[in-house]
Amino acid sequence: MLNNNRNSEKKMKSLRNLLVLSLTIVGFLLAGTAAKADSLTLTLISPYQSGPESTYMFDATVTNTGDTTVYLNGDTMVLDAGLTLDDSPYNSNPAFFVLDPGDSYTGLLFTVTAPPYGAGSNFYAGTFSITGGGDDQAGDTLASANFDIQVTPEPPSFLLFGTGLLVLGSLAGRKLFA
């Protein structure tokens, strides 16, 4: 019985050491990724937008906070179903493709088209990422920004709904007082 307890303790100690080693390696890997991503910042000016529009424009500031030149070679996106993203403002700006240390760009980065009110969940989310690196062939993710869109009914819809409520209220009032 005592021998079984010692074997069990040895196995637990071995597993604990393996877990500590694994977590240490993961920590180093994440720290290296975070240090690499910190050289470029992407800040959406209005990350949350709402309204009855079908197309939403996202302006951003992109800044190279590192000490080396960064090449912005492309972009990737993750979108909720129903959204379409047009990245042509980003792709058609050649002056923006290289940022020297301390340089920044502020302007239209992309547009998103959402389904009309009532055609889906009316609340959508997405992520826009800039890829590139230290040379013009790199494809690392340099910076990402999340955005949210809430599609609301058009003002005429509110007016129509309110008019309908008034008519129903007046009809109900007539029946109560007749």
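The values are calculated or read from the model by the stated rules, or taken from the named source; none is laboratory data. Because the structure is a prediction, the values reported are computed rather than measured. Note that each Cβ is placed from the backbone with ideal geometry, even for glycine, and that neighbours are counted across all protein chains shown.
Annotations
- From Asp148, Asp136, residue being in contact (Cβ under 8 Å) with a residue 12 or more places away in the chain and over 21 Å from Met77 (Cβ atoms): Asp136
- Considering residues of segment 99-133 that are under 21 Å from Ile45 (Cα atoms) and without any contact (Cβ under 8 Å) to a residue 40 or more places away in the chain only, the residue farthest from the chain's Cα centre (by Cα): Gly102
- Flag if Gly82 is touching a Gly at 6+ places or on another chain (Cβ under 6 Å), without any contact (Cβ under 8 Å) to a residue 40 or more places away in the chain and under 30 Å from Glu154 (Cβ atoms): no
- Asp140 meets the conditions (1) modelled with pLDDT of 95 or more; (2) in contact with a Lys or Arg (Cβ under 8 Å, 6 or more places away or on another chain) in every case but one. The failed one is (1).
- Scanning segment 106-123 for residues that are assigned to a strand (DSSP E or B) and crowded, with 16+ Cβ neighbours inside 10 Å yields Leu109, Phe110, Val112.
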